[in-house]
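One structure is given below, encoded as structure tokens.
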Amino acid sequence: MSALPFQQELNAFYTYLQTERQLSDRTLEAYRRDLIKLQHFAAERSITSVNQLTTHDIRLNLTELHRHGLSAKSLQRWLSGLRSFFRFGIGRGWLSNNPADGLQTPKVSRKLPKTLDVDQATQFVEINGTDFISLRDRALVELFYSSGLRLSELVGINLTDIDRIDGSVRVTGKGNKERSLPVGSKALTALAAYLPVRAQHTDEAETALFISSRGKRISQRNVQQRLHQISLKQGMTQPVHPHMLRHTFASHMLESSSDLRLVQELLGHANISTTQIYTHLDFQHLAKVYDNAHPRAQKKNKDSSD
């Protein structure tokens, strides 16, 4: 095993990242910041070469960084950078094994998506007005919430994708995968009011279900802006964005059915682990119901206020 000075080993790794892997300056700088933490740790312990580092050293450095407040996400990135450096060292003959293998960082807390409760969702979608914009927006948000669509799926819907007789809509999701989804009665009613007015604002060549005031397919950006405006108009306490409606649909479906597989199918998730985040939302809902309904919880809340 060679014993090059630590800085020389690091410089060789940076050159490899820049010339062979051709990483961006920003990514390269992130590697530098993370490896400088290791370099400082090594200097404090008179470690002068990478082959002197042990798994115990890396675990100790990891513990120190965690204790000093480095987030779980930052620690994951730091450890990933170290593993890359050590793999490079093995390839150069500096190391016989990777001292970062087998180490784990604290789990990153998964940020739960914001949702609307049933009353808030009802308040948001009940848009009044008989003009083109109002009727279109009502149909748009009703369908959004009714079927739990992605924004790209919503704007991609064509007239022929809606089956008002059997109450379904055909959408194209990620990976160009098609799926058929049920459409609620409120959304069907809103669509029935919108479609005659839509016909007056475009020509027969336009296939899009939802169009802008110019008679062309509505854009994702336009929908985002409309939802923001509707939030203000409907007196919402926070702006509603497209994914919030999708999250709200999923949360309400899970609360009602307790069928995670059903929600996975409706959302078009390839992996059920993606859908499982909504079980946490459902638990939050159950916890609130418990606090409001259970005699012991009520007594505890009363004692706390006293």
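With θ taken as phi - 60° and the coefficients 6.51, -1.76 and 1.60, list the Karplus ³J(HN,Hα) couplings across the stretch 154-160 in order, rounded to whole Hz; mark glycine and proline as x.
Ordered by residue, 3J(HN,Hα) equals 4, 6, x, 5, 9, 4, 6 Hz.
Amide H neighbours of residue 158 under 5 Å, counting only residues 5+ apart in sequence or on other chains, H built in-plane at 1.01 Å?
Here 209 satisfy the definition.
Over the stretch 118-241, what portion of Cα pair distances is larger than 24 Å, expressed as a whole percent?
The calculated P(r) of the stretch 118-241 puts 21 percent of pairs beyond 24 Å.
Dimensions of the stretch 1-47 along principal axes (Cα, Å, largest first)?
32, 23, 11
Could you tell me the convex hull volume per residue, in Å³, taken over the Cα atoms of the stretch 112-156?
Taking only Cα atoms, the stretch 112-156 has a hull volume of 78 Å³ per residue.
Dipole magnitude of the stretch 6-91 about its Cα centre, charges +1 at Lys/Arg Cβ and -1 at Asp/Glu Cβ only, in debye to the nearest 20?
Values: 12 positive and 8 negative charges, 60 e Å.
That gives a dipole near 280 debye.
What Rg and what Dmax come out for the stretch 48-107 when only alpha-carbon atoms are used, in angstroms?
Every Cα atom of the stretch 48-107 included, Rg and Dmax give 11.6, 34 Å.
Could you give the alpha-carbon Rg of the stretch 6-91 over 2.2 N^0.38 Å, rounded to two decimals?
1.05
Using each residue's phi in the stretch 192-207, evaluate 6.51 cos²θ - 1.76 cosθ + 1.60 at θ = phi - 60° and report the 3J(HN,Hα) Karplus result to the nearest Hz, with x for Gly and Pro.
4, 7, 7, 4, x, 6, 4, 4, 7, 10, 7, 9, 5, 6, 6, 9
State, to one decimal in nm, how far the label point of residue 36 lies from the label point of residue 202, with both points 7 Å from Cα in the Cβ direction.
The answer from the label model is 5.3 nm.
Under 37 °C and 0.692 mPa s, how fast does the stretch 1-147 diffuse according to Stokes-Einstein, given a Kirkwood radius computed over C-alpha pairs? Answer in µm²/s, whole number.
Answer, rounded: 174 µm²/s.
So for 27, 172, fewest C-beta neighbours within 10 Å to most, what's the order?
Fewest-to-most ranking of 27, 172: 27, 172.
No lab work stands behind these numbers, since they all come straight from the coordinates. Computed from a predicted model, the values in this text were never measured in an experiment. Positions of Cβ are generated from backbone atoms using ideal geometry, with glycine treated the same way; all protein chains shown enter the neighbour counts.
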